[in-house]
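Written out below as structure tokens is the structure these notes cover.
The values are calculated or read from the model by the stated rules, or taken from the named source; none is laboratory data. Keep in mind the model is a prediction, meaning the values are calculated, not measured. A quick note on method: Cβ atoms are made from the backbone with ideal geometry, for glycine too, and the neighbour counts reach across all protein chains shown.
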Amino acid sequence: MNYEFSAIRESEIPRAAVPLLQHAIDTYASEINKVYATWAQFAENEMEYRPHTKSATVRDIMKHELLSQRRFFAEFLSAPEPPSNEVLPASGYGARLVEMARPRLEYLARQPEAWWLEPSRFFDVERQRIWVFWRRILHTAHHRTQLTVYLRVLDKTVPAIYGPTADVSWQGADPTLPPRPGADKSPAPRGMQSPGGSS
């Protein structure tokens, strides 16, 4: 599957010291791209939207994701991370997400197999670092999915994530479903540019 826009291009993903673990590095980059594409669908005037009084706002979820990733990587995976009070930008949450992910990719790629298998503190228990890493991926996917629901409720485009959506599809995208009228190829996120400056 080819996405028309990636905040982190495939050619920018570092090679893992342990070839068997390249999929972990690739998956983290892919998840960052999916989160970025989702976040980019929200306009500034929608950042305080919440579908229910008990729900978090769009901005709250983005802030939580940035801070939560920082905590996972710093405290549980021993990665060099900025202090928590330097994580949140005044605006541009998607750009900050990508900016913080790039050094994490390099850090993860350098680690030997023994590092991945070593137990690490995870809140009040111990888990292997590879388990903590995959828990981070799942946590990120959970919050991204929250925001895709918000997009649907707001009647906005839900970008392709692991395949087509009701808004974004292409010929042969899913042979088990008929193509939806009006679904088109995934556009570059509205108003966003890649970190290299091209849209």
If you go through Pro159, Pro80, the only one that is within 15 Å of Glu31 (Cα to Cα) and out of contact with any Asp or Glu (no Cβ under 6 Å at 6 or more places or on another chain) is Pro159
In segment 13-54, how many are out of contact with any Gly (no Cβ under 6 Å at 6 or more places or on another chain) and either without any contact (Cβ under 8 Å) to a residue 60 or more places away in the chain or farther than 25 Å from Glu113 by Cβ (or both)? 24
Residues that are part of a loop (DSSP other than H, G, I, E, B), more than 17 Å from the chain's Cα centre (by Cα) and either of a type in the set (Ser, Thr, Tyr) or closer than 26 Å to Val158 by Cβ (or both): does segment 15-22 have at least one? no
Count - residues of segment 34-70 that are under 16 Å from the mean Cα position of the chain (by Cα) and of a type in the set (S, T, N, Q): 4
If a residue must be among the β-branched types (Val, Ile, Thr), more than 14 Å from Arg102 (Cα to Cα) and surrounded by fewer than 19 Cβ atoms within 10 Å (Cβ to Cβ), how many such residues does segment 1-43 contain? 1
Phe72 vs. criteria out of contact with any Cys (no Cβ under 9 Å at 6 or more places or on another chain) and modelled with pLDDT under 95: no
